[in-house]
1. Quick check: convex hull over the Cα atoms of the chain, volume per residue in Å³, rounded to an integer?
2. Which residues' amide hydrogens lie under 5 Å from the amide hydrogen of residue 8, considering only partners 5 or more residues apart or on another chain, with H built in the peptide plane?
3. Could you name the lysines whose alpha carbon sits less than 21 Å from that of residue 132, not counting residues in the same chain fewer than 8 places away?
4. To the nearest 20 Debye, how big is the dipole of the stretch 69-165 about its Cα centre, given +1 on the beta carbon of each Lys and Arg and -1 on that of each Asp and Glu?
5. Which ³J(HN,Hα) values in Hz, rounded to whole numbers, follow from the phi angles of the stretch 101-110 under the Karplus curve 6.51 cos²θ - 1.76 cosθ + 1.60, where θ = phi - 60° and Gly and Pro get x?
6. When only Cα pairs under 8 Å and 6 or more residues apart are kept, what is the percent relative contact order across the chain?
7. When you count, for each residue, the other Cβ atoms within 10 Å and take the mean per peptide, how do 7-15, 72-80 rank with the highest first?
8. Given +1 on the Cβ of Lys and Arg, -1 on the Cβ of Asp and Glu, and no further charges, what dipole in debye does the chain carry about its Cα centre, rounded to the nearest 20?
Amino acid sequence: MEYLIRPLDADTDTANFQCGSEPLNEYIRRYASQDVRKNVARVFVATPKNDTKKLAGFFTLSAGSVSCSALPASLARKLPRYPVPVALIGRLAVDHDSHGQGLGSILLADACQKVSQASNVLAVVGIIVDAKDEKAISFYKHFGFILLPGQTDRLLLPASAFQSK
């Protein structure tokens with residue numbers, strides 16, 4: 001199936017979204033548009049090309065920072081000893097109807113591409129995700145994310161993995 005990925009808008013049917021995680025379902029239904037209005041996060045939705053109202057998946061992007069000491073030593077030794085800028089994928093979810101079609105990978109790739117484009121004008125040392133369970137950790141690790149030292153659910157994709165040289 002082909003998908004369109006675009007910013008969240010009022011035409012997207014969020015009411016019927018079911019990904020298997022009630023906090024993610026509730027977020028897209030109740031809080032996502034508020035976060036966009038308040039400039040807390042950018043929310044991007046994926047819809048089938050043939051049904052642009054149906055929400056198949058979504059992700060959020062925002063800016064953040066992380067203590068240099070929280071980074072892997074191989075990266076931290078090259079950086080200043082104060083908090084450094086990162087992009088944060090706060091949420092990423094796929095509707096049950098779209099499971100098994102590679103949409104999660106498509107959403108992650110699109111998020112990384114957006115951060116890469118933004119990194120031309122806004123510096124980041126990487127992309128951080130907070131994985132909700134072992135399945136999510138495995139998903140992110142598959143794409144090169146690494147667990148942050150001493151963290152069980154926070155992962156980083158260093159900028160060198162997604163920035164064009």
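Values in this text are rule-based calculations from the coordinates and carry no lab data. Everything numeric in this text was worked out from a predicted model, so none of it was measured. With ideal geometry, Cβ positions are generated from the backbone for all residues, glycine too; neighbour counts draw on all protein chains shown.
1. Working: hull volume 19.8 nm³, N = 165.
Each residue corresponds to 120 Å³ of Cα convex hull volume.
2. Amide H neighbours of residue 8: 43, 44, 45.
3. 141
4. Numbers: 10 positive and 7 negative charges, 114 e Å.
The dipole of the stretch 69-165 has a size of about 540 debye.
5. Here the 3J(HN,Hα) series is 10, x, 5, x, 5, 5, 5, 4, 4, 5 Hz.
6. Values: 265 pairs, mean separation 30.4, N = 165.
Relative contact order comes out at 18 percent.
7. Details: 7-15: 13.3, 72-80: 11.4.
For the peptides 7-15, 72-80, the packing ranking is 7-15, 72-80.
8. On the way: 19 positive and 15 negative charges, 149 e Å.
Computed charge dipole of the chain: roughly 720 debye.
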